[in-house]
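Let me begin by presenting the structure, written as structure tokens, before commenting on it.
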Amino acid sequence: MQNDSKYDTVFEKIDFNINKLDAKKYEGCTFSECIFQHCNLSNIVFTDCRFVDCDLSLATLAEAAFHEVEFCTCKLLGLHFDQCNDFIFSVKFKDCVLNLSSFYEVKMKKTLFSNCTLHETDFESTILTEAIFHECDLTGAVFENTNLEKADFRSAYNFTINPETNRITNAKFSLHGLPGLLAHHKIVIE
């Protein structure tokens, strides 16, 4: 039988494939070195929670809610954040691997991505106004019809963003990022 909520609880080194999550809401909780790989997190609400050194790869996120949630040094491969409840979606990522994940049409204003690997991550039609991509590797990341107004890419690298198909007004880029903005013109920059 599921409890309704867990508050201010620390979960350490738990494999949630074996020990299933037993609440519908987690508030102020910390998950440290836990395994959620392939777990079904559908309809679970996480508020003011931290995930540290966890593996959430290929977890199911249908209508999961993440409000003021921080992911630190986590493996988040192939996650469909686009399936989450978007009503109060607010997250930050530090030192995470988010390869092959999808944020399609997610509203992520002011989101922090710090020192993350985002290979082939889908940001199509995502609202990333004022987002910060600090020291992030965006190899193959998809930006199409994405709102990147006032976003900060000054220390990001390996990105390709077409200014003609994305909103980039007042976005910040460094000189070393210019090739990623001009790639669609098929010119050689040396």
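The values are calculated or read from the model by the stated rules, or taken from the named source; none is laboratory data. These figures come from a predicted structure and were not determined experimentally. Note that each Cβ is placed from the backbone with ideal geometry, even for glycine, and that neighbours are counted across all protein chains shown.
Taken as a whole, the condition of being buried (at least 21 other Cβ atoms within 10 Å of the Cβ) and at negative phi applies to Y26.
When restricted to residues that are under 22 Å from Y104 (Cβ atoms), among the polar types (S, T, N, Q) and surrounded by 15 or more Cβ atoms within 10 Å (Cβ to Cβ), segment 38-59 contains 2. Filtering segment 43-94 to residues that are within 11 Å of the chain's Cα centre (by Cα) and part of a loop (DSSP other than H, G, I, E, B) leaves C74, L76, L77, G78, L79, F89. Scanning segment 13-42 for residues that are among the charged types (D, E, K, R) and either within 16 Å of the chain's Cα centre (by Cα) or under 19 Å from K94 (Cα atoms) (or both) yields one hit, E33.
Can L77 be described as at pLDDT 95 or above and either under 27 Å from S125 (Cα atoms) or surrounded by 14 or more Cβ atoms within 10 Å (Cβ to Cβ) (or both)?
Yes.
Using the structure shown, decide if K13 is surrounded by 15 or more Cβ atoms within 10 Å (Cβ to Cβ) and of a type outside the set (D, E). No; evaluated as a whole, the condition is false for this residue.
Within segment 97-143, the residues that satisfy the criterion of being in contact with a Lys or Arg (Cβ under 7 Å, 6 or more places away or on another chain), farther than 19 Å from H67 by Cβ and not in a loop (DSSP other than H, G, I, E, B) are V97, S114. Among the residues of segment 96-126, those that are closer than 19 Å to E149 by Cβ and either small (G, A, S) or surrounded by fewer than 20 Cβ atoms within 10 Å (Cβ to Cβ) (or both) comprise Y104, E105, K107, K109, K110, L112, E124, S125.
Residue by residue, here is whether (1) closer than 23 Å to F36 by Cα; (2) assigned by TED's automatic domain parsing to the domain that holds S57 holds:
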residue: D86; (1), (2): yes, yes
residue: V97; (1), (2): yes, yes
residue: H119; (1), (2): yes, no
residue: A151; (1), (2): no, no
residue: Y157; (1), (2): no, no
residue: N166; (1), (2): no, no
